[in-house]
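Written out below as structure tokens is the structure these notes cover.
The values are calculated or read from the model by the stated rules, or taken from the named source; none is laboratory data. What you are looking at is a predicted structure, and each value in this text was computed from that prediction instead of being measured. Methodologically, a virtual Cβ is constructed for each residue, glycine included, from the backbone with ideal geometry; neighbour enumeration extends over all protein chains shown.
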Amino acid sequence: MRILAVDPGEKHIGIALSDPTGTIANPLTVLKHIARPVDAAAIADLARQHEARRIVVGQALDDDGQPTPQSRRAVRLAEAIRQQSELPVDLWDESGSTQAARAARLQMGVVRSKRRGHLDDLAATYILQTYLDANQTRNP
């Protein structure tokens, strides 16, 4: 079962997609943020194109597990996606996704001059992989 993950940002939206078995996350694309309804429609369309069966939206929580201003935006985006798609939409804690994406670039050996720019697709991949790993035992 393919799952699409979303890393919502203020300027860019990272998108990742699992393999058909729902085991491995891969970066898919980065969308430019336009407006919530437009973004939601584009995300729903990507899910349809790639035959995803679920959408996971990254939600930043603070150290106490409480919502942040960014997480409230993620909740509103998830609601907009639900209006554009019949697929289940889950919110998933994205804490540490940007730091993990930076570390992944270092591990991949990306030279310093090419490490600039957005990390949104890699952050979405991290969000999706943690979601897949956490749900692996529930959905063998």
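Here Pro140 clears all of (1) farther than 19 Å from Met1 by Cα; (2) at pLDDT below 90; (3) of a type outside the set (Asp, Glu); (4) out of contact with any Ser or Thr (no Cβ under 8 Å at 6 or more places or on another chain) except the condition numbered (1). The selection criterion, being β-branched (Val, Ile, Thr), surrounded by 13 or more Cβ atoms within 10 Å (Cβ to Cβ) and at pLDDT below 90, holds for Thr68. Just a yes or no: is a residue in the range 95-104 crowded, with 16+ Cβ neighbours inside 10 Å, modelled with pLDDT of 55 or more and outside any strand (DSSP E or B)? Within the range 95-104, one or more residues are crowded, with 16+ Cβ neighbours inside 10 Å, modelled with pLDDT of 55 or more and outside any strand (DSSP E or B).
A quick yes/no check of all residues on (1) free of Cβ contacts under 8 Å to residues at least 12 places away in the same chain; (2) under 15 Å from Leu132 (Cβ atoms); (3) in contact with a helix residue (DSSP H, G or I) (Cβ under 8 Å, 6 or more places away or on another chain):
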| site | (1), (2), (3) |
| --- | --- |
| Asp19 | no, yes, no |
| Ala25 | no, yes, yes |
| His50 | no, no, no |
| Gly58 | no, yes, yes |
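Gln129 meets each of the listed conditions (1) among the polar types (S, T, N, Q); (2) surrounded by fewer than 13 Cβ atoms within 10 Å (Cβ to Cβ); (3) modelled with pLDDT of 55 or more apart from (2).
Reported count of residues in the range 79-94, each being within 18 Å of Leu31 (Cβ to Cβ) and part of a loop (DSSP other than H, G, I, E, B), is 3. Among the residues of the range 1-43, those that are of a type outside the set (Val, Ile, Thr), within 14 Å of Gln84 (Cβ to Cβ) and in contact with a strand residue (DSSP E or B) (Cβ under 8 Å, 6 or more places away or on another chain) comprise Leu4, Leu31, Asp39, Ala42. Quick check on Ala42: is it among the aliphatic types (A, V, I, L, M), part of a helix (DSSP H, G or I), surrounded by fewer than 20 Cβ atoms within 10 Å (Cβ to Cβ) and at pLDDT 95 or above? When the stated conditions are applied, Ala42 passes them. Considering the conditions (1) more than 13 Å from the chain's Cα centre (by Cα); (2) part of a helix (DSSP H, G or I); (3) under 26 Å from Asp133 (Cβ atoms); (4) of a type outside the set (Phe, Trp, Tyr), Arg76 is excluded by exactly one of them, (3).
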